[in-house]
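Colleague: Here's a structure for you.
The values are calculated or read from the model by the stated rules, or taken from the named source; none is laboratory data. Here the structure is a predicted model, which is why all the values come from computation and not from measurement. No Cβ is skipped: glycine too gets one built from the backbone with ideal geometry, and neighbour counts run over all protein chains shown.
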Amino acid sequence: MASNCIASYTYTRPAERTDLTYEVEVSSDLVSWSTVGVTHGFVTSAGDMETWRGVVPLSAGTKVFFRLKITR
């Protein structure tokens, strides 16, 4: 694996739900979770749905797990 690899997590969400906060979290051990190092951004919209993506850089041998945290 090259040193400039990335892993990404893409999800959709309803555009009208402005009362919700979405965070893409990462972990290397499924115990400790963080948003540190995650670049989270808007991708596109279609009708009333938006697509967003969280991206994290990887180095050789790195494993990463994603989860989506939604809060009101």
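Colleague: For region 3-38, which positions are under 8 Å from Gly54 (Cα atoms) and either at pLDDT below 95 or not hydroxyl-bearing (Ser, Thr, Tyr) (or both)?
Modeller: Those that are under 8 Å from Gly54 (Cα atoms) and either at pLDDT below 95 or not hydroxyl-bearing (Ser, Thr, Tyr) (or both): Val24, Val38.
Colleague: Among (1) over 11 Å from the mean Cα position of the chain (by Cα); (2) in contact (Cβ under 8 Å) with a residue 24 or more places away in the chain, where does Tyr9 come up short?
Modeller: (1)
Colleague: Restricting attention to region 16-41, which residues are more than 17 Å from Ile6 (Cα to Cα), part of a strand (DSSP E or B) and of a type outside the set (Ser, Thr, Tyr)?
Modeller: Residue satisfying the conditions is Glu23 alone.
Colleague: Ok, one more. Of these, Glu16, Glu23, which one is among the charged types (D, E, K, R) and in contact with a Ser or Thr (Cβ under 6 Å, 6 or more places away or on another chain)?
Modeller: Glu23
Colleague: Looking at Gly61, Gly41, which is the one that is small (Gly, Ala, Ser), modelled with pLDDT of 95 or more and surrounded by fewer than 12 Cβ atoms within 10 Å (Cβ to Cβ)? Steps first, answer last, please.
Modeller: Details: Gly61 fails: modelled with pLDDT of 95 or more.
Among Gly61, Gly41, only Gly41 is small (Gly, Ala, Ser), modelled with pLDDT of 95 or more and surrounded by fewer than 12 Cβ atoms within 10 Å (Cβ to Cβ).
Colleague: Then there is this: Scan region 44-57 and give yes if some residue there is touching a residue at least 12 places away in the same chain (Cβ under 8 Å), in contact with an Asp or Glu (Cβ under 7 Å, 6 or more places away or on another chain) and not in a loop (DSSP other than H, G, I, E, B), otherwise no.
Modeller: No, the conditions are met nowhere in region 44-57.
Colleague: What residue, among those in region 13-38 that are under 8 Å from the mean Cα position of the chain (by Cα) and under 18 Å from Arg72 (Cα atoms), is surrounded by the fewest Cβ atoms within 10 Å (Cβ to Cβ)?
Modeller: Filtering region 13-38 for residues under 8 Å from the mean Cα position of the chain (by Cα) gives 23-26, 38.
If we keep only those that are under 18 Å from Arg72 (Cα atoms) too, we end up with 23-25.
On the way: Glu23: 15, Val24: 22, Glu25: 17.
Going through the qualifying residues, I end up with Glu23.
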